[in-house]
Amino acid sequence: LIAVVYVVFTILFLVFYVFYSILLGKVFKKAGVSSYIAWIPVYNNWKLLEIGGQKGYWAVVGLVPFVSIISLIFELVSIHNINKKLGYDATMTMLAILLAPVWLIIIGLGKNTWNESLGDPRLDTPDFTPAGPAPQSPAQV
């Protein structure tokens, strides 16, 4: 019985990981980051923090018990900035907190394009120019 439970949980974990990596890869593609990074544990969180304007090392700090709560706060700020860059408001940040898989489906499969001029500036360099309209300078607005 224990072996069956272990196998079921392993299969569920793998299904969730594939689901998460595919959708996170789509978000990364919108941000100009290579989508294969979504498949690399810890580094995918590092990159998520960086595109959201936070220090990537919080992904590693998040592995330390108790200190991980501080890391979670930085990750939520990063998610809020990513939502801004995709044209969403704080409602999407609340959705990310309460129903993360639903949030990831919406931002991963949504048609919104990345706008670097919104939210905190990212702390990494894009691998390529994200698809979509180029950000406007303040003089053009």
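For the chain, the relative contact order works out to 26 percent when only alpha carbon pairs closer than 8 Å and six or more residues apart are counted.
Take the Cα of residue 2, step 7 Å toward its Cβ, do the same at residue 91, and the gap between the two points is 4.9 nm.
If only the Cβ of Lys and Arg carry +1 and only the Cβ of Asp and Glu carry -1, the dipole of the chain around its Cα centre is close to 200 debye.
Using per-residue counts of other Cβ atoms within 10 Å, averaged over each peptide, order 20-31, 38-49, 1-12 from highest down.
Numbers: 20-31: 19.8, 38-49: 18.0, 1-12: 8.7.
By packing density, highest mean first, the sequence is 20-31, 38-49, 1-12.
Mind grabbing the base-10 log of I(q)/I(0) for the chain at q = 0.21 Å⁻¹? Debye formula, identical points on the C-alpha positions, no solvent, two decimal places. At q = 0.21 Å⁻¹ the computed log10 ratios are -1.36. Dividing the convex hull volume of the alpha-carbon atoms in the stretch 60-125 by its residue count gives 104 Å³ per residue. Computed from backbone phi, the HN-Hα couplings of the stretch 31-45 come to 8, x, 10, 4, 5, 5, 4, 4, 8, 9, x, 6, 5, 5, 6 Hz, rounded to whole numbers (Karplus: 6.51 cos²θ - 1.76 cosθ + 1.60, θ = phi - 60°; Gly and Pro given as x).
Residues whose amide H falls under 5 Å from that of residue 54, counting only those 5 or more places apart or on a different chain, are 123, with hydrogens built in the peptide plane. Protein heavy-atom accessible surface, 1.4 Å probe, per residue over the chain: 60 Å².
Helix-only estimate, please: 222 nm mean residue ellipticity of the chain, summing -39500 (n - 2.57) across DSSP H runs of length 4 or more and dividing by its residues, to the nearest 500.
Mean residue ellipticity at 222 nm (helix-derived): -18000 deg cm²/dmol.
The rule of thumb for compact globular proteins, 2.2 N^0.38 Å, goes into the C-alpha radius of gyration of the stretch 1-80 1.25 times.
Could you compute the FRET efficiency for residue 63 and residue 118, with r as their C-beta to C-beta distance and R0 at 35 Å, rounded to 0.05? In this case the efficiency is close to 0.70.
Share of carbon and sulfur in the accessible area of the chain stands at 74%, probe radius 1.4 Å.
The values are calculated or read from the model by the stated rules, or taken from the named source; none is laboratory data. Just so we're clear, the structure is a prediction, and the values are computed from it rather than from any experiment. Note: ideal-geometry Cβ built from the backbone for every residue, glycine included; neighbour counts use all protein chains shown. Ligands, DNA and RNA are excluded from the accessible area calculation, which covers all protein heavy atoms including side chains. Shrake-Rupley method; radii C 1.70, N 1.55, O 1.52, S 1.80 Å.
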